[in-house]
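The values are calculated or read from the model by the stated rules, or taken from the named source; none is laboratory data. Because the structure is predicted, anything quoted here is derived from the model rather than measured. Note: ideal-geometry Cβ built from the backbone for every residue, glycine included; neighbour counts use all protein chains shown. These area figures cover heavy atoms from the full protein model, side chains too; ligands, DNA and RNA do not enter into them. Shrake-Rupley method; radii C 1.70, N 1.55, O 1.52, S 1.80 Å.
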Amino acid sequence: MVPTEAQHRAALAGHAARTTRFVEGALLPDEWRPIRLSYGLYYQLDHTSYMQRIKVPGGLLSADQMDALADITDRYGRGVSHVTTRQDLQIHWVPVDGIIDMYERLLAVGISTRGACADSVRNVTGCPYAGTAPGEPFDVMPYAIAIHDYFLFNPLNLTLPRKFKIAVEGCEHDCAQGPINDIGLYAKVKDGVHGFSVFAGGGLGAQPFLARPVRDFIPADDLLVWCEAIVRIQHRY
């Protein structure tokens, strides 16, 4: 279930080959667009350089990862990175000839930008106080990471009709804002069993809609099954 080093390396090698074709003129900008977006790379408005979005599942980073991100920001982002509302980092003015080196440096510390954009399961967000909130039923962060890992190379991610957002919450203040996500999960304990209440169908954009309750309680062991079922509904309809 956790993506292997071989999976990451094979995917990155394929991405590097397609990027080289674009740089050499064998791929037109419109042909390369879905390819670069699949790794979180956006055109900037001047169309001479790029903005890179970097996923941070649950907003959780190790010291080594922070050091690597600082180095990458200095090398490729003019020393400035931005934190997004979905716990991503973004750096600007990235040259296209530096992106593969950047991805290699990120992968060396366990970070992937795969699915940071495009029609995929985006960064899975979690409560910033997970594991420390006094009233939380349990720490939700391992579950947020598990969802991220499960969908990173899931075949459904290749053909979703639109981006898909998931938030996992454990504290009473709803820091992760579950109702504005496609799936909002709230930690609960029932009869001594860890689990979640499930909300689905929320989102912002041109037609904002609050997620509706789907299930009052599911055991934590069934979490990935339920998430995939809801993603499949969006995928199909």
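Of the strands (runs of 3 or more DSSP E) that lie entirely inside segment 40-124, not one contains 3 or more residues that are touching a residue at least 40 places away in the same chain (Cβ under 8 Å) and within 22 Å of residue 144 (Cα to Cα).
Residues of segment 67-103 being open to solvent by 50 Å² or more (accessible area, probe 1.4 Å) and either under 12 Å from residue 51 (Cα atoms) or among the basic types (Lys, Arg) (or both), which ones? If the condition is that a residue be open to solvent by 50 Å² or more (accessible area, probe 1.4 Å) and either under 12 Å from residue 51 (Cα atoms) or among the basic types (Lys, Arg) (or both), then 75, 78, 80, 81, 82, 92, 93, 95 are the ones that fit. Restricting attention to segment 145-157, the residues being farther than 16 Å from residue 8 by Cβ and either among the polar types (S, T, N, Q) or out of contact with any Cys (no Cβ under 9 Å at 6 or more places or on another chain) (or both) number 3.
Taking segment 171-192 as the range and being open to solvent by less than 70 Å² (accessible area, probe 1.4 Å) and either among the aliphatic types (A, V, I, L, M) or not in a loop (DSSP other than H, G, I, E, B) (or both) as the test, the residues that pass are 176, 178, 179, 180, 183, 184, 185, 186, 187, 188. Looking only at segment 154-170, how many residues end up being open to solvent by 60 Å² or more (accessible area, probe 1.4 Å) and part of a helix (DSSP H, G or I)? So the count comes out to 2. Restricting segment 40-52 to residues that are open to solvent by less than 40 Å² (accessible area, probe 1.4 Å) and not aliphatic (A, V, I, L, M), the residue that is nearest to residue 81 (Cα to Cα) is 52. Of the residues making up segment 1-39, those that are outside any helix (DSSP H, G or I), hydrophobic (A, V, I, L, M, F, W, C) and free of Cβ contacts under 8 Å to residues at least 40 places away in the same chain number 3.
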